[in-house]
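The values are calculated or read from the model by the stated rules, or taken from the named source; none is laboratory data. Bear in mind that the values here come from a model prediction, so they are computed numbers and not experimental data. Note: ideal-geometry Cβ built from the backbone for every residue, glycine included; neighbour counts use all protein chains shown. Ligands, DNA and RNA are stripped out before the accessible areas are found, and what is left, the full protein with its side chains, is counted by its heavy atoms. Shrake-Rupley method; radii C 1.70, N 1.55, O 1.52, S 1.80 Å.
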Amino acid sequence: MRNFALEVYFSRWEFAARYHLTASDMESFTTTELLDMATAEDRAAFDQQWLGYTETYGLPELRSEIAGTYDNLAPEDVLCFAGAEEGIYAAMRVLLGPDDHVIVAVPNYQAAETLPLDICAVTGVPLDPDDNWSLDIDQVAAALRPNTKLISINFPNNPTGAVLSRDRFHALIDLCRRHGLYLFSDEVYRLIERDEAIRLPQAADVYEKALSLNVMSKAYGLPGLRIGWIGCQDRALLQRLERYKHYLSICNAAPSERLALIALKARDRILDRNRALTRDNSALLADFFAEFPDLFDWRRPDGGCVGFPRYTGPGTADAFCEALVEQAGVLLLPPQIYQSELLPTPQDRFRIGFGRRGLDKGLAAFRAFLRSNWAT
Ligand SMILES: Cc1ncc(COP(=O)(O)O)c(C=O)c1O
């Protein structure tokens, strides 16, 4: 399989750089902090958790709590995975064969295109930077082939932070329904939109052939739990995915399931903290970029906790990111990471994250680098 460029880059830098300014998850918690949010009953269940195998579908109480985050799904419509990544992998392997065709929005989280590319024909449809990174549904329709099986989207989007308008989201579902297509909807950044009014419905709530992917990693800030899930009304399909999971993680880690349950029950508190953090960090970023109008072009994204500003300074954005991490220990994701095999992607943009605490310290190092070394 192709290398996962982002993970390769992170293997080199994620724990070596002093300032991780490109994290795609929210600030996390310690186990103690999370347990402090538990009811006495859930705390006791965690302490007494038997460390044997668990149910492949996921802890029943956890599946019920997850189902409660949807309008129209029952616990039986939820299958848990080891993170979102395992869900993407299992879904693509189970749904696609060599004769199929997939349509994927670009730019994307690389697994969204490399996994289908490993199996079948794939067409990219661009998110348009001149239209707030929106997806043109007519272009999606034009890319359809007789053997198209699945359309893959991710809103709020990694890396652009785009959120599709409701009209277009429903137009896309209408298109899928008319052609009997699966819609794979990666919703891992949902719930931390800039404005609640633009939040999209979860695809599995409104479309019978949608797979809604979600995880504890991003909006909830708990990637170390490795608890993700797919919500889908098609229970026969979920069972095929469950059979595939028998060859992957088999089941989730029991302590993680308990901790995820505690976090979901405390989700209002966690999400309030995280929304406040993205709001405050966005203000810091706006001030920072305003100091360097000749070097950057920045607009706050509509959702999620990453953005994709343009670098307008000397040299390439890749060289700039490299110098920044090598000389100042400030990690960004250079544009080469978001290159797609399907379509050209902007080579003058980098990914920056604004979900974690300590952004001010990272920006101070970033500022010092610009003032001393770069163009000022
Ligand atoms: C859009 C998107 N989907 C899926 C994932 C994978 O999530 P996880 O690390 O929880 O498996 C990520 C992680 O960065 C992501 O950005």
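Tabulated data for the structure shown
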item: Residue count for segment 1-28, restricted to those that are in contact with a Ser or Thr (Cβ under 6 Å, 6 or more places away or on another chain) and within 25 Å of LEU191 (Cβ to Cβ); result: 1
item: Residue ID - farthest from SER24 (Cα to Cα), chosen from residues in segment 222-250 that are more than 11 Å from the ligand (Cβ to nearest atom) and open to solvent by less than 20 Å² (accessible area, probe 1.4 Å); result: LEU237
item: Qualifying residue in segment 158-165 (condition: away from the ligand (no atom under 16 Å from the Cβ) and either touching a Ser or Thr at 6+ places or on another chain (Cβ under 8 Å) or outside any strand (DSSP E or B) (or both)); result: yes
item: Those residues of segment 36-45 which are part of a helix (DSSP H, G or I) and crowded, with 19+ Cβ neighbours inside 10 Å, in sequence order; result: none
item: Qualifying residue in segment 168-180 (condition: assigned by TED's automatic domain parsing to the domain that holds LEU115, more than 16 Å from the ligand (Cβ to nearest atom), of a type in the set (Gly, Ala, Ser) and part of a helix (DSSP H, G or I)); result: yes
item: Search result, residues across segment 204-221 that are open to solvent by less than 40 Å² (accessible area, probe 1.4 Å) and without any contact (Cβ under 8 Å) to a residue 40 or more places away in the chain; result: TYR207, ALA210
item: Condition broken by PHE296, with the remaining ones in (1) within 21 Å of the chain's Cα centre (by Cα); (2) not assigned by TED's automatic domain parsing to the domain that holds PRO223 satisfied; result: (1)
item: Any hit, segment 7-21, residues being open to solvent by 60 Å² or more (accessible area, probe 1.4 Å) and among the acidic types (Asp, Glu); result: yes
item: GLU257 being charged (D, E, K, R), in contact with a helix residue (DSSP H, G or I) (Cβ under 7 Å, 6 or more places away or on another chain) and buried (at least 21 other Cβ atoms within 10 Å of the Cβ); result: yes
item: Odd one out for GLU86, checked against (1) under 21 Å from GLY221 (Cβ atoms); (2) more than 16 Å from the ligand (Cβ to nearest atom); (3) assigned by TED's automatic domain parsing to the domain that holds ARG258; (4) charged (D, E, K, R); result: (2)
item: Those residues of segment 58-80 which are surrounded by fewer than 17 Cβ atoms within 10 Å (Cβ to Cβ) and assigned to a helix (DSSP H, G or I), in sequence order; result: PRO60, GLU61, SER64, PRO75, GLU76
item: Residue within segment 271-284 that is in a loop (DSSP other than H, G, I, E, B), open to solvent by less than 10 Å² (accessible area, probe 1.4 Å) and modelled with pLDDT of 95 or more present; result: no
item: Candidate set from segment 141-176 (those that are without any contact (Cβ under 8 Å) to a residue 40 or more places away in the chain, of a type outside the set (Gly, Ala, Ser) and touching a strand residue (DSSP E or B) at 6+ places or on another chain (Cβ under 9 Å)); member that is surrounded by the fewest Cβ atoms within 10 Å (Cβ to Cβ); result: PRO146
item: Segment 352-373 residues that are β-branched (Val, Ile, Thr), paired with ones that are surrounded by 13 or more Cβ atoms within 10 Å (Cβ to Cβ) and not in a loop (DSSP other than H, G, I, E, B) (beta carbon under 9 Å, 6 or more apart); result: ILE352/LEU285; ILE352/VAL306; ILE352/GLY307; ILE352/LEU333
item: Test: residue in segment 309-322 that is in a strand (DSSP E or B), closer than 19 Å to ASP287 by Cα and open to solvent by 50 Å² or more (accessible area, probe 1.4 Å); result: yes
item: Scan of segment 87-140 for residues that are free of Cβ contacts under 8 Å to residues at least 60 places away in the same chain and small (Gly, Ala, Ser), ordered by number; result: GLY97, ALA105, ALA121, SER134
item: Any hit, segment 26-47, residues being of a type in the set (D, E, K, R), more than 30 Å from LEU285 (Cα to Cα), within 16 Å of the ligand (Cβ to nearest atom) and out of contact with any strand residue (DSSP E or B) (no Cβ under 8 Å at 6 or more places or on another chain); result: no
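The rows are residues; the columns are (1) surrounded by fewer than 16 Cβ atoms within 10 Å (Cβ to Cβ); (2) assigned to a helix (DSSP H, G or I).
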position: TYR53; (1), (2): yes, no
position: VAL104; (1), (2): no, no
position: ALA112; (1), (2): no, yes
position: LEU127; (1), (2): no, no
